Amino acid sequence: MAEITLKSGLILDFSNLYGPDQLITEQEVAEFAPVYEKAHASMQTMRKTGTVAGHLSKDGEPEMVLFPQLPYIVEGNINNPERIMALEELGRQVRNHVDAVVFFGIGGSYLGGKVLFDVQCGEFWNLKSQAERNGYPQVFFAGNNVDSHKLTGLIQTLRAAGSVKPGYTVMAVIISKSGSTIEPMSNYMVLKQALSDAGISVDTVAVTDPHEGDKETLLHGMARKAGWPIFYVPDGVGGRFSVFSEVGLIVGALVGFDIRAFLDGAKEADQACKSDNIRENPALLNSVLKYLAGARHGRDLEVLMPYADNLKSLSEWYIQLLAESLGKRLDKQGHIVNYGRTPIVAVGTTDMHAQTQEHQEGPKDKIVQFVSIRKWADDLIVPHMYDDYEKLASFSGLPLSSILEAARSANAEALLGDGRPSANYILPELNAFYLGELMFMLCWSIAYEGEFANVDAFNQPGVEVYKRFLSGRLKKLQER
């Protein structure tokens, strides 16, 4: 069976990767069954107890892993009814009252929310009128780098808008568990000062660690003292999984994205991932095929190539999910394994004119994953303008969506013809529900693979290394 169709209609098509004449055979998967069955049992334990064998926090202490509960809006859960209603209320307060929102976050505090924005709003959101945006504000993302040129441009844009509209309002949303993350905090301080000097007030919202008292973080303390609204970066949820928490949902709430439908889609995926039948559990089959392709067939690079411009950020989010979760020097027993697979961002058809040459004729070291949309909400047809030119007449009268899918399938066929595997995730349409379903399935897939490889998929010790060096360098700069 090379295809799984979920109840919702979302399809995972592995026919160019898995089967009698493909890279991964049914016999190979069957022989791997003792490993994946053990991993599934471990994941079921994680669901019930929040614990994963071998997982420790960056401080070396036992730490819960709670991302499986995020799709469920239930009392006592991270996403309980009160917290979801608080997000929705913030959206109502901002609508028709705030002109621009600037999100300050990096890594998991940025990438997931950017996916929600791109799917809901698209590239031209800020060029629309307030009425066309249904009263929601313009949106800008900062804090995901320390780039003076970009930040200067943003400041100039906001100042110019404020100079022509009396009472221009800006909201800053700082997303940082600690509040000491350099990129978002430095950008926030520079922008707030610059706008204040221009007479533009900035209302601030903090998304940070929920604890007060002895465990209170810097940002939580700042927010409490200043009276800023506070939303939460939950315990037990790593940044790369946090799009399903207030960290990512706050972006959706402030642009009219249906956060409840998004969580419903995640719940649909989670229910499917409870099955111990590999032919019914999409994340289990997906993870087994990717692991075997890498560990036994040398496919150590993974291309995620959605055929949709506004899903490029989905690839960028997936890069962090895969890289931070699986790129590990040590296994759970402390042995050096240097495990991982290098993720690559691509977009179809754009990168068919950039990367496909290498995909097609370079080393046979990669798997290409496509994401395709079956039904587009808006579709344009190429007009019959130049039918006297044969090459232009060949695609005149065709919907752009049909041309897009023809290009994707041609890409897949060409790769397969040279023994190069690919898979395709097929969304019935691009909306909050199917986006949540796909993203949560990918989270589970990565969690399973961590168990196969015997690495901790929920820590990130390599990130802490450069942070220590950076701290020392900043101290020297201050001393100078």
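All of the numbers you see were taken from the coordinates with simple rules; none came from a lab. Nothing here was measured: the structure is a model prediction, and the numbers come from that model. Neighbour counts run over all protein chains shown; Cβ positions are idealised from the backbone, glycine included.
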Cross-link table Lys38/Lys366; Lys48/Lys267; Lys48/Lys332, entries beyond 18 Å C-alpha to C-alpha
Lys38/Lys366; Lys48/Lys332
Give the lysines whose C-alpha is closer than 20 Å to that of Lys165, dropping any in the same chain fewer than 8 places away, or say none.
Lys128, Lys192
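So what is the calculated 222 nm ellipticity per residue for the chain, using -39500 (n - 2.57) for each DSSP H run with n of 4 or more, over all residues, to the nearest 500 deg cm²/dmol?
Mean residue ellipticity at 222 nm (helix-derived): -14000 deg cm²/dmol.
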Using Cβ counts within 10 Å as a stand-in for footprinting exposure, how do Ile11, Ile278, Ile175 rank, fewest first?
Ile11, Ile278, Ile175
Quick one: check the C-alpha center-to-center distance for the range 179-242 versus the range 6-49, whole angstrom.
41 Å
Please tell me the relative contact order of the chain in percent, rounded to the nearest whole number, where contacts are Cα pairs under 8 Å and at least six residues apart.
20 percent
Can you sort Val463, Val101 from fewest to most other Cβ atoms within 10 Å of each residue's own Cβ?
Val463, Val101
DSSP H helices in the chain with Cα extent of 27 Å or more along the helix axis and mean Kyte-Doolittle hydropathy at least 0.0?
432-453
Please report the relative contact order for the range 110-223, taking Cα pairs under 8 Å with a sequence separation of at least 6, and give it as a percent rounded to a whole number.
24 percent
What is the distance in Å between the Cα centres of the range 308-363 and the range 79-130?
27 Å
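Compare the peptides 218-228, 345-355 by average per-residue count of other Cβ atoms within 10 angstrom and give them in order, highest first.
Highest-to-lowest ranking by the protection proxy: 345-355, 218-228.
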Under-5 Å amide H pairs with Ala346, H placed in peptide plane, nonlocal only
Leu304
By counting other Cβ atoms within 10 Å of each Cβ, how are Trp317, Trp376 ranked from fewest to most?
Trp376, Trp317
Report relative contact order for the range 67-257 in percent, whole number only (criteria: Cα-Cα under 8 Å, sequence separation at least 6).
30 percent
Of Leu427, Ile174, Cys273, which is farthest along the charge dipole of the chain in the positive direction, counting Lys and Arg as +1 and Asp and Glu as -1 at C-beta?
Ile174
